[in-house]
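Participant: Got a structure here, written out as structure tokens. Questions coming.
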Amino acid sequence: MVNPIQVTKSSMPPYEQYIEEIKDLWESHWLTNMGIKHQKLEHELTNYLDTPNISLFSNGHLALESALSAFNLSGEVITTPFTFASTTQAIVRNGLEPVFCDINPDNYTIQIDQLESLITDRTTAIVPVHVYGNICDVKEIERIANKYNLKVIYDAAHAFGITVNGESVANFGDASMFSFHATKVFNTIEGGALTFKNPQLKSVLNAYKNFGMTGPESVEYVGGNAKMNEFQAAMGLCNLRNVDKEIAKRKLVFERYIERLSEIKGIKLPFIQKGVNSNFAYFSVIFDGYKISRDEVFELLKKQNIFARKYFYPLTNSFSCYRDRVNPDDTPVAKYIADRVLTLPLYANLALEDVDQICNIIKGGSIR
């Protein structure tokens, strides 16, 4: 049986490098509770992301939940349904009401033209999503947020290391959430982080991820347990040393897909936005008017042991847990894209010959 080609494969440092990094943990026995590795990774990420304030978490979802809690929000939060489940779930689990804005048909980020019309006297924040490394219209979102005195918390899970006209994506909005899940461009096995503007938020976030505790005998917040442990941080330190090389490899895969699939009628390919220094996180294709459907392409690849992903599908506003609260027909562009999108395999060590095989199967496109 031919080895499967997964939609992604986790980047890992050389085995010896990781072993060397964790050696001293057997001496210190400091395994969690924001230890030396944790502190070092925070410092190195502030440099890499060119951002002044960062807080590490055990995963990106709890980072986003903590941000929403730390800003003490209430009422409605405007977001989009074209995202992973985490975005919407974090909003709802904070007792907030998600209000779904449609997306742009070109880069799949929040539709600015609709955004302002959704604001009511109950709106307290906007949670836009940078999608596949495509960056939201941050300037216009900032203008709208300032006009209505709203917080802006970006779901930047796909946007690690990206800059826009030289400015780090980590510095947009009041806060940005990054995922360091194993499938991401940069990973700490599981993990995540928040970057934020107000330095006073640091102590609040540290409390939220540590049961709300602000001292040995003081609990000021209703928090949880979301601390990144030392083994995760050690993996992050190792992967950070190699991440630029990994992104360069991803770029070669991305460009090979473009070369092989360009100018095919009915296939819409991704593009790099002007001024954006991409991380080449995903290669998501829209099958719109192609000779076979997205689902048929998915099955063709699967028969050859190649596993693409319908990402994002389904929309979060079509989840059964929200069936009586929202209507996915209210976001028709997002629904249209979700029904046609397929994310093809992309990771640093994906062989270009495998990319060619994937493209040949798609271009053959015959269902028997």
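Participant: If you take the residues of the stretch 83-98 that are open to solvent by 40 Å² or more (accessible area, probe 1.4 Å) and out of contact with any His (no Cβ under 8 Å at 6 or more places or on another chain), which of them is farthest from Ile135 (Cα to Cα)?
Facilitator: Step one: of the stretch 83-98, the residues open to solvent by 40 Å² or more (accessible area, probe 1.4 Å) are 84, 89, 93-95, 97.
Now drop any that are not out of contact with any His (no Cβ under 8 Å at 6 or more places or on another chain), which leaves 84, 93-95, 97.
Details: Phe84: 16, Arg93: 26, Asn94: 25, Gly95: 27, Glu97: 24 Å.
Across the stretch 83-98, the extreme among qualifying residues is Gly95.
Participant: Quick check on the stretch 277-299: of everything there that is open to solvent by less than 70 Å² (accessible area, probe 1.4 Å) and assigned to a strand (DSSP E or B), which residue is nearest to Gly266 (Cα to Cα)?
Facilitator: So, considering only residues that are open to solvent by less than 70 Å² (accessible area, probe 1.4 Å) and assigned to a strand (DSSP E or B), the one nearest to Gly266 (Cα to Cα) is Phe287.
Participant: What do you reckon, is Pro52 in contact with a helix residue (DSSP H, G or I) (Cβ under 9 Å, 6 or more places away or on another chain), open to solvent by less than 30 Å² (accessible area, probe 1.4 Å), part of a loop (DSSP other than H, G, I, E, B) and at pLDDT 95 or above? Spell out the reasoning first.
Facilitator: On the way: in contact with a helix residue (DSSP H, G or I) (Cβ under 9 Å, 6 or more places away or on another chain): yes; open to solvent by less than 30 Å² (accessible area, probe 1.4 Å): no; part of a loop (DSSP other than H, G, I, E, B): yes; at pLDDT 95 or above: yes.
In short, no.
Participant: If you don't mind, there's one more thing I want to ask. Can you pull out every residue in the stretch 130-158 that is in contact with a helix residue (DSSP H, G or I) (Cβ under 6 Å, 6 or more places away or on another chain), in a strand (DSSP E or B) and within 23 Å of Pro332 (Cα to Cα)?
Facilitator: Asp155, the sole residue that qualifies.
Participant: Got at least one residue in the stretch 198-205 being in a helix (DSSP H, G or I) and within 29 Å of Tyr132 (Cβ to Cβ)?
Facilitator: yes
Participant: Taking Glu217 as meeting all but one of (1) free of Cβ contacts under 8 Å to residues at least 12 places away in the same chain; (2) surrounded by 23 or more Cβ atoms within 10 Å (Cβ to Cβ); (3) of a type in the set (D, E, K, R), write down the number of the exception.
Facilitator: Failing condition for Glu217: (2).
Participant: A further question on this structure: Which one of these is open to solvent by 70 Å² or more (accessible area, probe 1.4 Å), assigned to a helix (DSSP H, G or I), charged (D, E, K, R) and over 22 Å from Ile78 (Cβ atoms): Lys335, Lys274, Lys302? Break it down stepwise before answering.
Facilitator: Values: Lys335 fails: over 22 Å from Ile78 (Cβ atoms); Lys274 fails: assigned to a helix (DSSP H, G or I).
Going through Lys335, Lys274, Lys302 in turn, the sole match is Lys302.
Participant: Moving on. Could you run through the stretch 159-173 and say how many residues are crowded, with 22+ Cβ neighbours inside 10 Å and assigned to a loop (DSSP other than H, G, I, E, B)?
Facilitator: Of all residues in the stretch 159-173, those crowded, with 22+ Cβ neighbours inside 10 Å come to 159-162, 169-170, 172-173.
Next, from what is left, pick out any that are assigned to a loop (DSSP other than H, G, I, E, B): 159-162, 172-173.
Of the residues in the stretch 159-173, 6 are crowded, with 22+ Cβ neighbours inside 10 Å and assigned to a loop (DSSP other than H, G, I, E, B).
Participant: Would you check if Ile264 is touching a residue at least 12 places away in the same chain (Cβ under 8 Å) and within 30 Å of Phe172 (Cα to Cα)?
Facilitator: Details: touching a residue at least 12 places away in the same chain (Cβ under 8 Å): yes; within 30 Å of Phe172 (Cα to Cα): no.
No: the conditions fail for Ile264.
Participant: Based on this model, can you work out whether Ile362 counts as more than 24 Å from the chain's Cα centre (by Cα), closer than 25 Å to Glu259 by Cα, touching a residue at least 24 places away in the same chain (Cβ under 8 Å) and buried (at least 19 other Cβ atoms within 10 Å of the Cβ)? Lay out the reasoning, then the answer.
Facilitator: Details: more than 24 Å from the chain's Cα centre (by Cα): yes; closer than 25 Å to Glu259 by Cα: yes; touching a residue at least 24 places away in the same chain (Cβ under 8 Å): yes; buried (at least 19 other Cβ atoms within 10 Å of the Cβ): yes.
For Ile362, the condition - more than 24 Å from the chain's Cα centre (by Cα), closer than 25 Å to Glu259 by Cα, touching a residue at least 24 places away in the same chain (Cβ under 8 Å) and buried (at least 19 other Cβ atoms within 10 Å of the Cβ) - is met.
The values are calculated or read from the model by the stated rules, or taken from the named source; none is laboratory data. What you are looking at is a predicted structure, and each value in this text was computed from that prediction instead of being measured. Positions of Cβ are backbone-derived with ideal geometry, glycine not excepted, and every protein chain shown enters the neighbour counts. What goes into the accessible areas is simple: the full protein's heavy atoms, side chains included, and nothing from ligands, DNA or RNA. Shrake-Rupley method; radii C 1.70, N 1.55, O 1.52, S 1.80 Å.
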